[in-house]
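Working notes for the structure below.
The values are calculated or read from the model by the stated rules, or taken from the named source; none is laboratory data. Since we're looking at a predicted model, the values are computed, not measured. Here the Cβ positions follow ideal geometry from the backbone for every residue, glycine too, while neighbour counts run over all protein chains shown. Remember, those area values only see protein heavy atoms, side chains included, never the ligands or the DNA or RNA. Shrake-Rupley method; radii C 1.70, N 1.55, O 1.52, S 1.80 Å.
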Amino acid sequence: MKCENAQQNIILAQYGELPDELQFPLEQHLGICEDCRREWNALLALNEELASTPMLEPSPNLLAASRMRLDEALDSLPPRSISQRFFGNAFRWLGFLQGAPALATLLLGVGFLGGNFIARYQAAHAPQLPRPVILSNSANGAIASVSGIVQTPNSELVQVKYNRLVPETVQGSLDDPQIRQLLMLGTKLATNNAVHADSVALLASECRAGHSCDVGDDGTNQIRSTLVSSLRTDKNASVRLKALNGLEPYVAQDEHVRDAVLDALLYDQSAEVRTQAISMLTPVQADSSVRQVLRTVSSQDVNPAIRNASFQVLQGSADIQ
């Protein structure tokens, strides 16, 4: 995904209008592009700031003054052009029709008869559809949506296409690949916040226990990638904290995990998440990129406790050197 497309998708995702099939490519792009990741975090911060700011109603004096200025501006408008006069006369003619119900009724009747004649002609010359065969029954689950309706011309035969929603349940161990796959889907497609949070929490517990979180032959791990995506993009601070907790054992060995933790320390709006990120960086405090982020946070973070904690870890890295 290119950065131009990602910028558009970021805006759609912030308003909850991004299609599901574009959600995962966007998350993958955010995992590798620092500029787009910074844009995402900036929009998150802006939305939280706007949500915390009350909406003020304009004062009566402001409304009165605005109306007076509008009246003055309308009085100072230049004479209308030919096209403006034409449209103005058209609207006046429509108003005349409203005042002459007999003429308006006559015109509507002519239009109705003409449209009815054209529709009958098209229906008479349209090809006949075959009689539909009913393949489903009412025992297959609730109807989720109606996707199409076709009526055979000049008959009462109607073909309705619909989709059924059939809930299913699967039970198994957390080590079962199908269970893990469903949990990863639960972080993106859950129907309520509780299921979403439980999916992230279970995946995090699997990683902390060392189950199924090893890097595969392709150099990636789906569960780690899912937790990294939740840490970077989830709007719920408690969910981001769960994801961070699950990634803790891999900060030292996985550079992508370490970068995600550093981004959380720099940009996350939750002080609790940033505090947890500092404690996770202690084993890698001698890393140059870690020291650079700690120096930035120790001098620029808005929370004095976080600035102090970053400074303490930074002092520890100086002692190691």
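Show me 184-192, 156-164, 68-76, 247-255 ranked by packing, highest mean number of other Cβ atoms within 10 Å first.
Numbers: 184-192: 14.7, 156-164: 11.4, 68-76: 8.9, 247-255: 18.2.
Result, highest mean Cβ count within 10 Å first: 247-255, 184-192, 156-164, 68-76.
Roughly how many whole Å is it from the C-alpha centroid of region 1-66 to that of region 237-278? Their Cα centres are 22 Å away from one another.
Would you please classify the overall shape of region 8-80 from the alpha carbon gyration tensor, given that a ≥ b ≥ c denote the square roots of the eigenvalues, rounded means a/c under 1.5, and beyond that prolate means a/b larger than b/c while oblate covers the rest? It is prolate, given that a/c is not under 1.5 and a/b is the larger ratio.
In terms of accessible area, using a 1.4 Å probe and ignoring ligands and nucleic acids, Lys2, Lys242 rank largest first as Lys2, Lys242.
From largest to smallest, the equivalent ellipsoid semi-axes obtained for region 164-204 from the alpha-carbon gyration tensor read 16, 15, 8 Å.
With R₀ fixed at 25 Å, the C-beta to C-beta distance from Val195 to Ala237 puts the FRET efficiency at about 0.90.
When the surface is traced with a 1.4 Å probe over the full set of protein chains, Phe24 keeps roughly 100 Å² accessible. Set against the 2.2 N^0.38 Å expectation for a compact globular protein, region 138-297 has a Cα radius of gyration ratio of 1.45.
Enter the accessible area per residue of region 152-303 (Å², integer; probe 1.4 Å; all protein chains in place).
Working: 8050 Å² over 152 residues.
Value returned for region 152-303: 53 Å² of accessible area per residue.
Shown here is the pair-distance distribution of region 204-321: with all Cα-Cα distances grouped in 10 Å bins from zero up to the longest one, the shares run 14, 46, 31, 8, 0 percent. On the beta carbon distance between Ala45 and Met68, with R0 = 51 Å, the FRET formula returns roughly 0.85.
Considering every alpha-carbon pair of region 207-272, the percent of pairs per 10 Å bin, from zero through the bin containing the longest distance, is 22, 58, 19, 1.
Distance between the modelled labels on Lys2 and Gln181, one decimal in nanometres: 3.3 nm (7 Å Cα→Cβ projection).
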